[in-house]
Amino acid sequence: MIIVMGAGAAQKEIRTVIARIKALGYTPHPIFGKERTVIGAIGDERGKIVLQGLESLPGVERVVPILKPYKLASREVKPERTVIRIAPGVTVGDRQLLVIAGPCSVESEAQMIETALAVRKAGAHVLRGGAWKPRTSPYAFQGLEVKGLKILRKAGDRAGMPIVTEVMTPADVDLIAQFSDILQVGARNVQNFSLLKRIGKSKRPILLKRGMMTTITEYLMSAEYCLSEGSRQVILCERGIRTFEDATRNTLDLSAIPVLKDRTHLPVIADPSHATGVARLVPPMACAAVAAGADGLMIEVHPTPEKALSDGPQSLTFPKFAEMMAMLRPFIAAAGRTL
Ligand code: PEP
Ligand code: MN
């Protein structure tokens, strides 16, 4: 249920409502909007009618059911868009189009520093690089792990950029959160509920990638796991889904972008690198994602893609990345955004 407080509700009245929600055995999730506060009361669906009684408390305007199964992610609870602050001057969910760039895997310090400086110069805001890699084959490069995490941090600091890296297991959340500004949950872990719950307790923003076989509702339910544990900072990322088409690695589900933005207040970015699997196809699909309303892009970039230890064929070289950034400009302007 959503307890909608009146526009002028006093702090004391809000606190009373929160206490009553708890007393009834529900978890209160207050959302302090510009105009008014709404409090999501989450818990056992069956007894929720008892919450209706809160309508008589001072300061409460109305109590309404949340129809969507993803309660906290839904725009019913929070019609205003969520803006996530990643670092000073770097946000996602507002007018700024967030650009995340870097290699699939952290391979060496030289590779990361070179990449950080190049993508920064071309206009990227956040540096990416996988230190723990979820590979299909156990014989493929698995990542440099802690060493990779430290290299990524060093390269980010050198270029003055925040960083994002993937967390594969609940046990690593605290360690990675000490170094990384954003915690990524990969497509393969989108329904790893124990990871989602654990990461939802972190204070760091979460980049939750859509699974290759998750419907939009399932995807939003995964975001809900993080939100229900207290996180308010989930960034969604459409990275291609598995279809019958095999000309591309996956199929970028462009319509998921406006659908998600209709259904949730959370920011939505797109990853045309994993969606297409082909470097040449990345720039046009990046433009398409911006035109469809994406709040940001995640792009794989490597100094020498032919030598990359993972995802070389879909990685852009530095000049191709700079070219893509130039190609994006009219689309960014047409979408009413800035870089
Ligand atoms: C990645 O970002 O390198 C990655 C492994 O992506 P995904 O989880 O979308 O496959
Ligand atoms: Mn990759």
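Quick note: the coordinates plus some simple rules give every number you see, no bench work behind them. Note that the structure is predicted; figures quoted are calculated from it, not measured. FYI the Cβ positions are ideal-geometry reconstructions off the backbone, even for glycines, and counts take in every protein chain you see.
A few notes on this one:
- Residues whose amide H falls under 5 Å from that of S105, counting only those 5 or more places apart or on a different chain, are G130, S310, with hydrogens built in the peptide plane.
- Label-to-label distance, nm, for residues given as Q191 and E145 (7 Å Cα→Cβ offset): 2.9
- Scanning residues 5 or more positions from G33 or on other chains, those with amide H under 5 Å from its amide H are V38, with H placed 1.01 Å from N in the peptide plane.
- Here the spin labels are modelled as points 7 Å beyond Cα on the Cα-Cβ line, and at A288 and T217 they lie 2.7 nm apart.
- 0 to 90° range, to nearest 10: angle between helix 11-23 axis and the chain longest Cα axis: 90
- Charge dipole (the chain, unit charges on Cβ, about Cα centre) - positive-most of P134, P283, I235: I235
- Between helix 282-291 and the chain: long-axis angle, C-alpha atoms, 0 to 90°, nearest 10: 30
- q = 0.12 Å⁻¹, the chain: log10 I(q)/I(0) [Debye, one scatterer per Cα]: -0.82
- Expressed to the nearest 5 percent, the antiparallel share of DSSP beta bridges inside the range 84-334 is 15 percent.
- Among 185-196, 49-60, the order from most to least packed when residues are scored by Cβ within 10 Å on average: 185-196, 49-60
- Normalising the average separation of contacting C-alpha pairs (under 8 angstrom, six or more residues apart) by the number of residues puts the relative contact order of the chain at 16 percent.
- The range 227-295: GluC sites (Glu not before Pro) in DSSP coil with no more than 15 other Cβ atoms inside 10 Å: E229, E245
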